[in-house]
Amino acid sequence: MGVFSVDVYHATFDTPMSTEVVSRLLRAPGNSEAEMVRRLVAFHRQIDGIRTCYNHVTKVINADQPKADVLSQVMTFVCQRSRSAAPHTPRIILLGPIGSGKTVQAAQLAKKYKIVNVSSGHLIKQAIADSSPVGQMCKPYVDRGALVPDDVVLTLLKDCLDGLDCSTRGWVLDGYPRSREQAELLEATGHVANRIFFLDIPNDAVVERLSLRSTDPVAGDRYHLLYHPPRIPEIKNRLAVNPRDTEDVVRMQLGEFRAVAGDLEDFYSNALHINAEQDEHHVFEMIESMIVNPLPKCKPTAMK
């Protein structure tokens, strides 16, 4: 019985040295000229849309050169550290009640400054999905709608913040801490934020934002009865409201935050307060100005 290999050759650029190998070469299925033209047409039809989605992390490399040179350029791009527009390594904490826009602002900061968006809720969900030991500890609490213990959440956060990405690029944290005790535990791990923002917003504004949200169960589109109402009566009649967005639930969560907000403000005495009742773009501009510019120095209190 003969011994055959599965080596790949090219009739022009990489021909086999052995005549025996040449005699048994087979054309790979799907590599005919007509098939290649079809695949190229499909590629060029879709590539512009793909580039748009990944524009912020894309580098165009000339592939019409030796493959070793192509690999070298690819590895140089992959291994280089992304440049951030921030003048320092941002370590940001966003605090505020439900509906204040913390998640939106964290996503925008992470995108613009190429920092890591750290959400305690997402970390818990990811740990459960990965079936990690910590995730298995979280699952019973999540299944019954209870809060995951502080020490378990802190383990997930510490592992994330200790990672190379967070250490070199910086991070923005929302959804944690939710109490002074959690804030103290976080700082005890050595992860101290250099910018802390309170997103301030009145309770009535939060209730208006959240309790009027609804979803079309058929199309999946999201609406707001005040800011973005459906134009078709049929859609309006079938809108569904998430149980977590009812006014009673929202006011209960607001009460829970207000109960601990004073302690958090005392702990983070150098925090900056932002009016989060404004348009999200104005809020982002205010946060951004306080990230790229030096913080104002406090004047020393005169001795009496």
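Of note:
- Here the dipole of the range 16-153 is about 400 debye; that uses its Cα centre as origin and unit charges on the Cβ of Lys and Arg (positive) and Asp and Glu (negative).
- Top of ILE291, ILE92, ILE235 by mean-square fluctuation, Gaussian network on the chain, Cα under 10 Å: ILE235
- Each of CYS79, CYS138, CYS160 has its accessible area taken with a 1.4 Å probe; listed largest first, they run CYS79, CYS160, CYS138.
- Choice from ALA276, ALA240, ALA34 showing the highest fluctuation, given a GNM over the chain with Cα pairs closer than 10 Å: ALA34
- MET75 - accessible surface, heavy atoms, 1.4 Å probe, Å² rounded to 10: 90 Å²
- Carbon-plus-sulfur accessible fraction, the range 122-193 (probe radius 1.4 Å, protein heavy atoms only): 54%.
- GNM flexibility winner over the chain from LYS236, LYS111, LYS125 (Cα, springs under 10 Å): LYS236
- Cβ-defined net charge surrounding VAL260, 11 Å radius [Lys, Arg +1; Asp, Glu -1]: -2
- Other residues lying with their Cβ under 14 Å from the Cβ of CYS160 contribute a combined charge of -1, Lys and Arg counting +1, Asp and Glu -1.
- When PHE257, PHE43, PHE197 are compared by accessible area of protein heavy atoms, the largest-first order is PHE43, PHE257, PHE197, using a 1.4 Å probe.
- Accessible area per residue for the chain is 69 Å², calculated with a 1.4 Å probe on protein heavy atoms, without ligands, DNA or RNA.
- Principal axes of the chain: Cα extent on each, largest first, Å: 95, 63, 40
- Theoretical FRET efficiency, 1/(1+(r/R0)^6), r = Cβ-Cβ of GLU280 and LYS67, R0 51 Å, to 0.05: 0.65
- Selection from ILE235, TYR223, ALA276, by position along the positive dipole direction of the range 167-304 (Cβ): ALA276
- Nearest-10 value in Å² for the accessible area of GLU208, using the 1.4 Å probe: 70 Å²
- Listed residue (VAL70, MET286, LEU94) projecting farthest to the positive dipole end of the chain, Cβ model: VAL70
- Coordinate range along principal axes, alpha carbons of the range 185-298, Å, largest first: 57, 29, 26
- The calculated 222 nm mean residue ellipticity attributable to helices in the chain amounts to -15000 deg cm²/dmol, summing -39500 (n - 2.57) over DSSP H runs of n ≥ 4 and dividing by all residues.
- Net length gained if the chain between LEU147 and VAL22 were fully extended (0.36 nm per residue, minus Cα distance): 38.3 nm
- Antiparallel bridge percentage (DSSP; both residues within the chain; nearest 5): 25 percent
- Computed accessible area, MET290, all protein chains, 1.4 angstrom probe, square angstrom: 50 Å²
- Pairs from the list LYS111/LYS236; LYS102/LYS139; LYS114/LYS158; LYS102/LYS125; LYS139/LYS236; LYS59/LYS158 with a Cα-Cα gap above 30 Å: LYS111/LYS236; LYS139/LYS236; LYS59/LYS158.
- Beyond 23 Å, the tail of the calculated P(r) for the range 1-160 holds 68 percent of the Cα pairs.
- Judged by the ratio a/c of the largest to the smallest principal axis of the C-alpha gyration tensor, the range 124-218 counts as oblate, that ratio being 1.5 or greater while a/b is no larger than b/c.
- Other residues lying with their Cβ under 13 Å from the Cβ of ARG231 contribute a combined charge of -2, Lys and Arg counting +1, Asp and Glu -1.
The values are calculated or read from the model by the stated rules, or taken from the named source; none is laboratory data. Computed from a predicted structure; not experimentally measured. Neighbour counts run over all protein chains shown; Cβ positions are idealised from the backbone, glycine included. Surface areas here come from the heavy atoms of the whole protein model, side chains and all, with no ligands, DNA or RNA. Shrake-Rupley method; radii C 1.70, N 1.55, O 1.52, S 1.80 Å.
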